[in-house]
1. Could you line up ILE225, ILE257, ILE200 from fewest to most neighbouring Cβ atoms inside 10 Å?
2. In percent, how large is the relative contact order of the range 114-337, given Cα pairs closer than 8 Å and 6 or more residues apart?
3. With a 10 Å radius around each residue's Cβ, average the other Cβ atoms per peptide and rank 349-355, 218-224, highest first.
4. Give the order of MET274, MET336 when sorted by the count of other beta carbons within 10 angstrom, beginning with the fewest.
5. For the range 349-356, take each phi angle, set θ = phi - 60°, evaluate the Karplus expression 6.51 cos²θ - 1.76 cosθ + 1.60, and give the result in whole Hz per residue in order, putting x for glycine and proline.
6. Rank the residues HIS375, HIS323, HIS367 as a footprinting-exposure proxy: fewest other Cβ atoms within 10 Å of their Cβ go first.
7. Provide the packing ranking of 168-175, 206-213, 385-392, i.e. peptides ordered by the mean count of other C-beta atoms within 10 Å per residue, highest first.
8. How do the peptides 106-114, 147-155 rank, highest first, by the average count of neighbouring beta carbon atoms within 10 Å per residue?
Amino acid sequence: MGLIGGDDDDDGGSGKGKALGSRQRSGALTTAFLLGVCLGVVVAERLYLASNRADILAAAAAAATGPAAASAAAAGAAAPAPSRRDAGAAAAARAARAGEAAAVAASVAKDPELRALRAYLDKIAPEGEVLIGVSNKNPMLEGMLDTWLRGVRGAGVSNYLVVALDEETAAGMKERGANHFLMPMKVSKSQADTGDNHSISALKFGILKKFLMVGWAVLLSDIDIAVLQNPFRFLYRDSDVEGQSDGFDPAGAYGAIDGFDDPSMGWARYAQKMTHFNMNSGLFYLRANPRTVELMQRLETRLAREKYWDQTAYNEEMFVLSHGDYKSPQVSVRVMDMYTFMNSKTLFKDVRNRAPEAQPPMPAMVHINYHPNKHERMKAVMAYYLDGDKNALAPFPGGSEPGSRRRRRR
């Protein structure tokens, strides 16, 4: 009581002394808290940079310094100035990017293949994005690679590249005057007996990672794709991954709510889930950033160890949600327009059966992913759209068997 009375006497019973002391203690605690937060941020940042993979750091720097970042830089210039509260976070982000830039410079400097790739891309794709087709000698000997090249060149695509997996393909592309880069890749033991198409397809993720690491955005095209228009004209470039769907109607391609009924639950018998067809792993566009490098790294590592279809792995890595100790690459995804980047089921089971006035405009690319006789169908698609031969598709069934011209309605 005496101490309390004495305090009251010191400020005339107004409580001002208590308020002042409280404010002083609060200020001291706030200062200590902020110092602790700053220290925690610095420590966390250093731990993150120390533990993160070098290729992810490399890709982040490449995306920040390479030509693919030009549009992002322009957008950043128009952004409003950060608030004072955000200044510390912005400074930390700039410091991290500076460290990442040094990491990519060191990575590229140490790797002769990456140096050569970046120099060649500077020459053929100075805008920072490139269309690539990955091929060994087999599609070239069969003529399919020439058909793909005819479409690419006819569409006016100059920023393209054939990634040659062997010397024979590189020599053939040199004879044809085609942009090419020799990148020998050994098929892993896990993919050795999966067939030529699947084993080669599984290699593409490690190849794509290299393009991302040197800062280039990549539009991957399988060789069984008829190129009819310049595909870069139709990209949105607002997502990490922009890819073709295997869906053949809007709900299947873009996603829809699917109902589930369990009568045993009584009044709670109904539930819903989101469904869509898988994205195709033979036609997609990747922006160069840490998330896409992480996605390619995961797929490269996984398919080197597991006997697994590359398209299934591709979709699992993108769409299985983070849970428990598992964290997804957290890439953002856009589905390409299903009629602009068309799969062969959409064309052969649906579009070609419509009246001419009801057909969508000419696609940019048609992927012969659902059908056999790939090369013959590629040539027929090009004749149908480019040469105006409206009978070019008629000899082919809708599926792989005669009598399957039209698709079944759901």
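Please treat every number below as a calculation from the coordinates, not as lab data. Quick caveat, the model's predicted, so the values are computed rather than measured. Ideal geometry is used to build each Cβ from the backbone, glycine not excepted, and the neighbour counts take in all protein chains shown.
1. So the residues, fewest neighbours to most, are ILE257, ILE200, ILE225.
2. Relative contact order of the range 114-337: 22 percent.
3. Final packing ranking: 218-224, 349-355.
4. Working: MET274 9, MET336 24.
Listing MET274, MET336 from fewest to most nearby Cβ atoms yields MET274, MET336.
5. Per residue, the Karplus-derived 3J(HN,Hα) values read 9, 10, 4, 5, 8, 7, 4, x Hz.
6. Least to most surrounded, the residues fall as HIS323, HIS375, HIS367.
7. 206-213, 168-175, 385-392
8. 147-155, 106-114
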